[in-house]
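Notes follow once the structure below has been shown.
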Amino acid sequence: MCELFAMSAGQHYTAQDYLPLFADKARANMSGWGIGFFREGQVHIEKSCEGVYEGDMVHDSFQRLARVIGSRIIISHIRCPKAGHQQESLAQPLTDHFLDHHWLFSFKGESESGHGYDSPRPLMRERLLAARVFEFVRDGLEALQGASPEHGLYQGLAAACQQLISRYPGEYAFFLANETVLFAFLNHGEILTYHPPEARGESLVLTTVSGGLTRYPEHWCAYPHEDVRHGQILIISGADLLYLGRI
Amino acid sequence: MCDLFALSAAQHYTAATSLPLFAVRGRQNVHGWGIGFFRHRVPVVEKSGDQVFAFGRLHVSFQRLARVVNSPIILAHIRYKTSGEVDECHAHPFVLTFWGQSWIFAHNGKAPAIEPYVSSHTPVLEAASDSARTFEFLRDYFADAEPRRPHTQFDVILREALVHLLQRYPGKYNFLLTNGQVIWAFTNHRQFLMLKGSEKLEDVLLLTTIEDGLSSENWQKLAAREGRGGRLLLIAGGDLILSADLLP
């Protein structure tokens, strides 16, 4: 299955130490990769349909981007062959503009019925589960924020995720971020978090890679979830995990 | 009673329109004022024991700061003392460091029960007021919880601290707390008014305790619900992220 990576910091940071580790740990997923970040409120995404590993080396562009990209929030995705498509344009992260923000979205999961969602504002026509999930969550958030502006984004996201897993049962995990806040949702597998010691508490790394990205899995905090009928949402801003809500 | 103001945006912003309105509408608060924000993650606070509005005019420095302060998050406080002296040291906001970062805190309310509180950590705030002791209480709780930091979300510690605060030192609390990235707001006695996407003021998220808000637009009222201990808000990047009762 695909793997997800995110880094959140209080100020611009590079993920040069952790993106290559992410590529290494997820090297079995040889079907494309992407890195998304924010610069002055705008989204930038670099992606490729090539394997993140070439021979024994991390993809040259991936390595260079890892060193160069600086942002408060960086999201990366490594695509598995099971995703069923090879196009660069279908690699993740995905992006859209809604609720006055540019958003990055990165997804892993499976759902037999999830492809069935028909959004009034589709991101793309191709059969891509990540796009359908992003559209569903976006449409739900917009509808709920419009109806109840006194509710927080979390309440809207929680309601949308609840509807998602009840209407389209499946296994879902995703990162959704604007330039300030990162939401992580999962109803299966686990998300692991890690405060890099060299950053002295200034950044937080998240991944779905089992055991984390460093040599010591015990240094990672795991947020597992196995009951696909429910889920949990983490709210992260800066280097802090602010909130964990269960659906 | 004092009044609070906050601006939250995804980018740097000035509160050149809304801050003066806040001061004018809250001019019955005659015991000082303060503005707090972050510059490169370092807290900056400008405050005064002077009246924010006197002889029909806004305090000149307040006006100038309102035009100049440029930050994604700006807090302001205008004071009507219920505790402590009238001087710059007792004006809000206050600054303390915990959970690995600096925090700016502004409070309105009345909590005489906490005035005798003696902090177990340093530094202590010079001000002798319920607000200063409240901030120290929160700082102390987070400092004692530091070993739990890697695996405990901020919200859990804050809720625990507030529940203990209200149990040990019952009172009326209403505060803003920011690290420059997010704002936590809490109230157990007054409502906050929130406006997003104003056409008359700044097109950001604005929050205040001023009754009816700062313009004739559709300000959302966010208040504590009966029996729920208070209302906790999380704001970031110009959005209300979370609005929740203190108690389940």
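Values quoted throughout were computed directly from the atomic coordinates according to the rules given, and no laboratory measurement underlies them. All of these numbers come straight from a predicted model, not from anything done at the bench. When we count neighbours, we look across all protein chains shown, and the Cβ atoms used for this are built from the backbone with ideal geometry, even at glycine.
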By counting other Cβ atoms within 10 Å of each Cβ, how are A:E126, A:E198 ranked from fewest to most? A:E198, A:E126
Which order do A:I73, B:I157 fall in if you start with the one that has the fewest other Cβ atoms within 10 Å? B:I157, A:I73
The range A:25-166, relative contact order in percent, only Cα pairs under 8 angstrom and at least six apart counted: 20
If a helix is a whole DSSP H run, which ones in chain A reach 15 Å or further along their own axis (Cα) and hold a mean Kyte-Doolittle hydropathy of at least -1.0? A:129-147, A:153-167
Would you mind classifying the protein assembly as shown by shape? Square roots of the alpha carbon gyration tensor eigenvalues, ordered a ≥ b ≥ c; an a/c under 1.5 is rounded, otherwise it is prolate if a/b is larger than b/c and oblate if not. prolate
Local electrostatic count at A:W103 - Lys and Arg +1, Asp and Glu -1, tallied over other residues with Cβ under 15 Å: -3
Lys and Arg at +1, Asp and Glu at -1: neighbours of B:L232 with Cβ under 9 Å from its Cβ sum to 0
Let me know the longest stretch in chain A that avoids all trypsin sites (Lys or Arg not before Pro) found in a DSSP loop with at most 11 other C-beta atoms within 10 Å. A:1-124
Assign one of three labels to chain A, namely rounded, prolate or oblate, based on the Cα gyration tensor with a ≥ b ≥ c the square roots of its eigenvalues; rounded applies when a/c is under 1.5, prolate when it is not and a/b is larger than b/c, and oblate otherwise. rounded
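Can you tell me the relative contact order of the range B:3-245? Whole percent, Cα pairs under 8 Å, sequence separation 6 or more.
RCO, the range B:3-245: 22 percent.
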DSSP loop (so not H, G, I, E, B), at most 13 other Cβ within 10 Å: list which trypsin sites (Lys or Arg not before Pro) in the range B:195-248 pass both filters. B:K200, B:R225
Can you give the average number of partner chain beta-carbon atoms within 10 Å of each beta-carbon in peptide B:150-159, as a whole number? 5
Once the other residues with Cβ under 13 Å from the Cβ of B:S119 are scored (Lys, Arg +1; Asp, Glu -1), what is the net sum? -3
I want to verify a result. In a Gaussian network model of chain A, Cα cutoff 10 Å, which of these has the top mean-square fluctuation: A:H151, A:H188, A:H115? A:H151
When the helices in the protein assembly as shown are scored as -39500 (n - 2.57) per DSSP H run of 4 or longer and the sum is shared across all residues, what 222 nm value do you end up with, to the nearest 500 deg cm²/dmol? -6000 deg cm²/dmol
Below 8 Å between Cα atoms, with a sequence gap of 6+, how large is the relative contact order for chain A in percent? 22
